[in-house]
Amino acid sequence: MTNKILFLALFLCNLFYGCKKHTTVPANPVDQLPPATQVGANTFGCLVDGQVVVIHKPLFDLSPDYNCFYQLIYNSTTGYVFYLSATDKTDGCHFKEVGIRLDSLALEEMTYPLNTLQVKGGRSGIFSISNSCSLPVTGYYTDNTVTGELTITHFDQQQQIVSGTFYFNAIEQTTGDTVHVTNGRFDMHYTD
């Protein structure tokens, strides 16, 4: 009788604790991105040179992992600035950040070229990376030859929701190295 109870106990332990849950990672990196929604889910994802970048934060990091605003900066009806950035953090020193800035416009549901540096009146895509606490952050930017597009698919000023898709190539101005940001999607609440 004791052997049967011991056998049953071992069987149950093995059943509940011995079985590992197998999760399958999608073969296609795009399948790892958040879904393309338009409800203000505060999601962001893209591929940078084929690698998935989504919002992640270390456990005790209280700094914001994304920033999205649409603000009247200049004194005119087209003086708005739209800025969106998201940071994939490994820790305080290692991160990848993707950003988009549209300057001096009134945002609409349409496609915008990303083809300038970060200047007044510009439309720019930005990628920054830090691989070390001791080295400076490396920045890549769109310009008039290295370009991309942002498509605003949903813009709700009442609920302050903006959603869209994007892609761009960006260049590090000193070295000429480039990155390719593709399959970008976001669904964010913005501040004004």
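Placing dummy labels 7 Å off each Cα toward the beta-carbon, the span from ASP192 to VAL54 is 3.2 nm. Projected label points at SER132 and ASN144, each 7 Å from Cα along the beta carbon direction, are separated by 3.5 nanometres. In order along the range 97-110, the Karplus-derived 3J(HN,Hα) couplings, from 6.51 cos²θ - 1.76 cosθ + 1.60 at θ = phi - 60°, round to 10, 10, x, 9, 9, 10, 10, 6, 7, 10, 5, 9, 7, 6 Hz, and Gly and Pro are given as x.
Can you tell me the length gained on complete extension of the stretch THR174 to LEU117, counting 0.36 nm per residue apart and subtracting the Cα distance?
On the way: separation 57, 0.36 × 57 = 20.52 nm, distance 1.39 nm.
In short, 19.1 nm is gained.
Where only protein heavy atoms count, and the probe is 1.4 Å, what is the accessible area per residue for the range 99-150 in Å²? Working shown, then result.
Values: 2470 Å² over 52 residues.
Averaged over the residues of the range 99-150, the accessible area is 47 Å².
Using 0.36 nm times the number of residues separating GLN157 and THR78, minus their current alpha carbon distance, what extension gain do you get?
Values: separation 79, 0.36 × 79 = 28.44 nm, distance 1.53 nm.
Additional length available on full extension: 26.9 nm.
Applying 1/(1 + (r/R0)^6) with R0 = 25 Å to the Cβ-Cβ distance of ASN67 and MET110 gives a FRET efficiency near 0.65.
The values are calculated or read from the model by the stated rules, or taken from the named source; none is laboratory data. In this text the structure is predicted, and so the values were computed from the model without any measurement. We place every Cβ from the backbone using ideal geometry, glycine too, and count neighbours over all the protein chains shown. SASA here: full protein model, heavy atoms, side chains in, ligands and nucleic acids out. Shrake-Rupley method; radii C 1.70, N 1.55, O 1.52, S 1.80 Å.
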